[in-house]
Each structure stands twice: as structure tokens, then as C-alpha cells.
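**Student:** Take this structure, written in C-alpha cells, and hold onto it; I'll ask about it next.
Laboratory data are not the source of any read-out in this text; all were calculated from the coordinates shown. For clarity, every value in this text was computed on a predicted model and none was experimentally measured. Glycine gets a Cβ as well: all are built from the backbone with ideal geometry, and neighbour counts include every protein chain shown.
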Amino acid sequence: MESLAKGMQLLIGKVLVVKGDCPECGEPLYGYRAKNVDGSERCAPTCMKCGFYDLKRKEDLQTEKKYSESLKNKTLNFFKFGSVITDKKLFDCTFANYKVIDDETRNAFDIAKRFVKAVLDGEPKHMALNGKSGSGKSHLAMAATWEIIEKSGYDKKCLFISYRELLEQIKFSFNDEQLRKQIQGSLMADIKTADLVILDDLGAELGGTTYSESTNFNNDTINSILEARQNQALIITTNLAGKEIAAAYGSRIVSRIFKNSEGCAFKFEHTADKRLSFK
């Protein structure tokens with residue numbers, strides 16, 4: 001080992017020359033003895049001690065950056081390609097472009113932000129948003145989801161599920177074995193285990209204004225999802241009032257929807273159809 005060290009010192013002596021002291025650690029600054037053809041230095045003097053650690057730091061930063069990018073892409077792909085959503089424009093909904101037009105929309109906005117903080121703090125919080133079509137329920141749900149994804153450093157896996165579309169896909173899969181495996185296997189498993197799930201527009205699948213005719217298939221599906229998510233973060237948006245939900249699905253479903261929703265349940269009473277008001 002001693003002979004190797006001496007050999008390295010001799011090699012350094014032939015190739016490099018001391019150019020001064022490192023301002024950081026006081027060790028020698030080395031530069032090449034030989035210069036470029038035009039007489040300029042081949043590179044700036046380098047401290048072997050600080051330079052080594054700086055190189056290692058850069059390598060660590062590059063590794064961390066690659067990991068962060070991989071995690072971000074994985075989370076975004078899970079969200080965008082795993083979600084069951086009919087209107088892709090919903091992905092553009094954020095807190096920044098949510099329209100606060102009165103006290104009601106301000107209160108809804110504040111509740112959504114409260115929900116985000118709770119989820120980021122690790123609480124199995126539920127948020128229930130009720131109101132007429134166009135009041136901004138889906139917008140707030142999507143905006144809260146983006147906020148959670150981004151502020152968690154892309155560490156939270158989220159799914160946005162149009163409930164009526166999910167039911168249609170499940171029904172359609174009855175005649176397609178591969179699709180059935182994908183939906184009833186992979187998708188339903190993801191819905192039950194994701195960090196956050198949004199069930200959007202619950203009740204729209206019933207059609208009309210009669211809320212007491214939910215099928216056994218419908219009830220079994222929603223009950224299965226809510227049972228799995230009763231102690232996990234969940235957002236429900238619906239046009240139905242509490243009594244209408246109970247009439248359609250039963251009191252057990254109502255209980256599971258509003259479990260863990262204290263401080264994060266909101267009903268739009270007056271907000272007009274914002275999709276018409278802000279075109």
C-alpha cells in the first residue's frame with residue numbers, strides 16, 4: 001500500500017502542480033502542468049479533498065433527482081391513467097382557478113383546504129360535498145387532489161372515479177373476461193388501497209329524481225368501496241341530500257360516507273351553475 005501511495009504521489013507530481021491553497025479547507029489546489037496550445041490553463045485549480053466530496057454530493061443529488069422524477073411520473077401515471085373519468089378537462093381544475101364568488105364558495109374553499117391539511121397530516125379524513133350540478137363540487141374535489149399530490153412530494157397515490165362510469169364499466173365487463181379481470185381485479189384493488197379516492201357524482205347513476213330504487217348490484221358496489229375506505233382518505237360528491245342518500249342506499253352507506261367527515265362536510269345551497277356563469 002505504501003509503494004502504491006508513493007507511486008500515486010510521483011504521478012501527481014509529474015502531471016499536476018500546486019497552484020495555491022483551497023479557500024474552503026486549506027488543502028493544496030492542483031492544476032495541470034501542461035497548458036493548452038494557446039497557453040491557457042486546461043482547467044481551474046482543484047482541491048482534491050473538497051473536489052471529491054463535491055463530486056460525491058453531485059452524484060447524490062443526481063440520484064435523488066432521478067428518484068424524485070421516477071416517483072413523480074409513477075404517481076401522475078397512476079392518477080391520470082388509473083382514474084375513471086369521463087371529462088378529461090376536470091384534470092385542469094385547481095385551487096388557483098376555482099371561482100370564489102360569495103361566502104358560500106369561500107366556505108367550501110376553506111373546507112377543501114382543511115381537508116387537504118388533514119390528509120397530509122395522515123388523517124383518514126372524509127370530505128362530503130353536496131349540491132346541484134355545476135356548483136363546483138367536482139372542481140373542488142379535483143383541486144384538493146392535486147394539492148395533496150403535489151404537497152406530498154408526489155408520494156400520495158390518488159384516484160378520481162366517476163361513480164356512474166365505474167358502474168357502467170363493471171357491467172360491460174361481465175361479457176369480457178380480460179376487462180373483468182382488469183376492472184374487478186386491478187382497478188377495484190387500487191380503489192380500495194389508494195391513499196385518496198374521489199367518488200364523483202354519487203347518485204347520478206340512479207337517474208331522474210327517484211332515489212329509492214338503487215339496485216342490489218349498485219348497493220353492493222358502493223358498500224364494498226366504502227367499507228374498504230372507511231379508515232382511509234375519501235371525497236364524495238353528490239347531488240343527493242343526506243335523506244335522499246339514505247333512501248337510495250340505506251343508513252349504513254350514509255354512516256360510512258360521513259364517517260371521519262367532521263368539519264369537512266359541505267352543502268351548496270345557493271351557488272348557481274358556475275359552468276354557465278363563467279364561460
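**Student:** Can you tell me how many residues in the stretch 229-258 are crowded, with 17+ Cβ neighbours inside 10 Å, of a type in the set (D, E, K, R) and within 23 Å of M188 (Cα to Cα)?
**Tutor:** Here the count works out to 2.
**Student:** Of the numbered conditions (1) buried (at least 18 other Cβ atoms within 10 Å of the Cβ); (2) free of Cβ contacts under 8 Å to residues at least 40 places away in the same chain, F81 satisfies every one except a single condition; which is it?
**Tutor:** (1)
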